[in-house]
Structure formats: structure tokens, C-alpha cells
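Single-structure report; data block below.
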Amino acid sequence: MTEHRSGFVAVIGKPNVGKSTLINALLGQKIAPVSPRPQTTRRRQLGILTLPDAQIVFVDTPGIHTPRHKLGEYFNQEAEEALAGVDVVLWLVDAGTEPTDDDHRIASLLSALHRRPRTLILALNKIDLLPADALPSRRAAYAELAPHAEAIAISAARGDGRDDLLHLLISHLPIREPEYPAEQVTDLYEREIAADLIREAALTFLRDEVPHSLAVRVDEYTERGSAGAFIHATLFVEKISQKGIVIGEGGKMLKQIGSAARREIESMSGRKVFLELRVKVEKDWRDDENALRRFGYKIKK
Ligand code: GDP
Ligand code: MG
């Protein structure tokens, strides 16, 4: 009989390096929103991959970045917390560019941890963007930041190195029974995923004025049997001018966001969805702890 391995893998890295893309690809199912804009992932989320001989529980963390607002502090707290008690830290970097200040900051955060994770793996992602002969020097530049890490080159989007990465992760997990039932893929409720998918759809269509000021709350998520699900959600922005942008001329933008989000939620939930969106101004919500709480962010003193 083969031994069963199981454990937690924290996926860290600056925003936009492909953490959510990788987790979705490994799970073979979309549980985390992906966006060309940073900070699409706002909550910590588990992605559970159950294989015959192993169960890997991925912890997707909001990108570690310089705190600028209260929301920024929240991201850092979440990232630090995610590293405590995991079996492996998987640090994703963008092989398409040289290391940046953010990468240096993550490197020093990792070396300053009190309780070191058992294993650090450095994954150079997006190697599809890099000519093959440029990889060795790029790999060396990142390896300098994490001298004790095992390094691996992958493309989360194209699939290169995915199986090797899985085997590497599993080899570092302890021999242990599975933590979660085989059919469970994530720990978020459908309505929370729906809120993230609506936000993702909005970020896809909106210009740069709005993104970081946008929060989504699902006000109602009602099952109507074979008729499908009825969802009512509010998009919160910080300024009147942003409200106009989100609604668009004659409501065109909001309609576009709504139908894209509806398609994503339907494919996530596997049933028909009726989606109603509205837009509200909530002034300076990013610096308002009460507003953050109402939007589902957990604030710790
Ligand atoms: P996160 O912020 O780290 O979770 O990053 P996302 O998963 O949201 O990805 C950010 C962007 O990078 C998206 O536009 C992805 O499609 C893109 N991306 C992710 N992985 C790859 C990859 O391997 N190659 C390329 N070319 N793009 C990728
Ligand atoms: Mg993400």
C-alpha cells in the first residue's frame, strides 16, 4: 500500500504573478478570479486538490504589498497569517521580468519569519514569455533572493512544469490522512465566489479610474429550484464620478458587466442564474473599518 500525503501549501507572491491562474489550473476548475489587474484576489481562499495518494490544500493569499490604506494592512496580515502553520510555501515570481522591489521585500519577509515553514519552493512562472536561453540567468537572479529554496520553472497558463510542480509539492508533504472530503474543492461559499466573479467581470471592462475602489456585496442569493438562482448584488465605488463610469451611457457598461458575470457564475455553479446589479457610492470605503467589515474583510487590531 502506498502512503497518503496531505498538507497545506501557501501560495505567495506579489500581485499579478499568476497565483490564482496556477491554483485554478491545478484544480482543473475555476475557484479564484483571475485578472490582468493586481489585487483581484481579496480574501484568503483554500483550493483543495484530492488525488489518489495525496491531498494538497492550497492557500491563495492576497499579494503581499506595501500598506498604503487600511486595506493594504489587511493584505499583509492575511499573507503573514497564511504562512503560519503551512507545510510548504510556494513563492511564485514572474520570470518575464527581473526581480523587483516587491520581490526583495517578500524575500526579507520570508527570512524574517519566526516560525519557518518546512519547505520553500520558488516557482518561476510565465516562462512562456521568455526565450529559453534567457531562463538560466533569470533563474539565478531569483535564486539569489531565496538561496535555500528549490527552484522550478513553470507556465501556469500554458501548462509547462505543472506535473513536475505537483510531484515536488507532494514529496514535501507529511504522511497524513486527508483533511477534507474528496468532493470539497474550496472553503468559500458560492455567494462569496459570485461576489468575486462579479468584481472580476467589472475589472475586465472598466478603465483605470475605478479598479481599487470597487467592492461587491451579494445582497441576495436565492435558489429557485429548476428555474436557477436569483442573485442581487451591489457594486460599491468611492466617488460619484466612478458611479457614472460603472453604469455607463444608458446603463451599457453595467449591462456588459452583468452578462459577463452571469456567464461566469453559471459555469461555476452549473445552473441558470438571474443577476441584478446596482451601483452605490460609499465614500472612502477603503479607509473605513466599518465599511471593510460590512464587505466581509476581517479586521484585526
Ligand atoms: P495573481 O494576482 O498572482 O493571482 O495573478 P492572476 O492569476 O490573477 O494572473 C495575473 C495575470 O497573469 C492574468 O492576466 C493571467 O492570465 C496572467 N498569467 C498567469 N499565468 C501566466 C503564464 O504562465 N503566462 C502568461 N503569459 N500569463 C500568465
Ligand atoms: Mg489572485
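Couple of notes before you dig in:
- Each peptide among 234-243, 10-19 gets the average number of other Cβ atoms lying within 10 Å of its residues, and from highest to lowest they stand as 10-19, 234-243.
- For a paramagnetic label modelled on LYS283 (point 7 Å from Cα along Cα→Cβ), amide N atoms under 18 Å away belong, within the stretch 225-244, to 236-244.
- Subtracting the Cα-Cα distance of ARG105 and ALA134 from 0.36 nm times their residue separation leaves 8.0 nm of extension gain.
- Using the 1.4 Å probe convention, the accessible area of the stretch 202-266 works out to 50 Å² per residue with neighbouring protein chains retained.
- Modelled label positions at ASP163 and LEU51, each set 7 Å beyond Cα in the direction of Cβ, lie 1.1 nm from each other.
- Restricting the stretch 95-141 to trypsin sites (Lys or Arg not before Pro) that sit in a DSSP loop and have at most 11 other Cβ atoms within 10 Å of their own Cβ leaves ARG115.
- With a threshold of 20 Å on the Cα-Cα distance, the over-threshold entries among LYS19/LYS126; LYS252/LYS280; LYS255/LYS280; LYS14/LYS126; LYS19/LYS280 are LYS19/LYS280.
- FRET E, pair THR222, GLU266, Förster distance 22 Å, beta-carbon r, rounded to 0.05: 0.90
- Taking amide H as placed 1.01 Å from N in the peptide plane, the amide H of PHE236 sits under 5 Å from that of ALA215, VAL216, ARG217, LYS280, each at least 5 places away or on another chain.
- Rounded to the nearest whole Hz, the Karplus-based 3J(HN,Hα) values (6.51 cos²θ - 1.76 cosθ + 1.60, θ = phi - 60°) of the stretch 267-274 follow the sequence 6, 6, 9, x, 8, 5, 10, 9, with x at glycine and proline.
- Table column - 3J(HN,Hα) (Hz), the stretch 164-176, Karplus curve with 6.51, -1.76, 1.60, x for Gly and Pro: 4, 4, 4, 4, 4, 4, 4, 5, 9, 8, x, 6, 6
- Additional length obtainable on full extension of the chain from GLU3 to HIS232, 0.36 nm per residue less Cα span: 77.8 nm
- Rounded, prolate or oblate (a/c below 1.5 giving rounded, otherwise prolate when a/b exceeds b/c) for the stretch 110-207 by Cα gyration tensor: oblate
- Residues with amide H under 5 Å from that of HIS4, placed H, sequence gap 5 or more: ARG176
The values are calculated or read from the model by the stated rules, or taken from the named source; none is laboratory data. Since we're looking at a predicted model, the values are computed, not measured. So basically every Cβ, Gly included, is an ideal-geometry build from the backbone, and we count neighbours across all protein chains shown. SASA here: full protein model, heavy atoms, side chains in, ligands and nucleic acids out. Shrake-Rupley method; radii C 1.70, N 1.55, O 1.52, S 1.80 Å.
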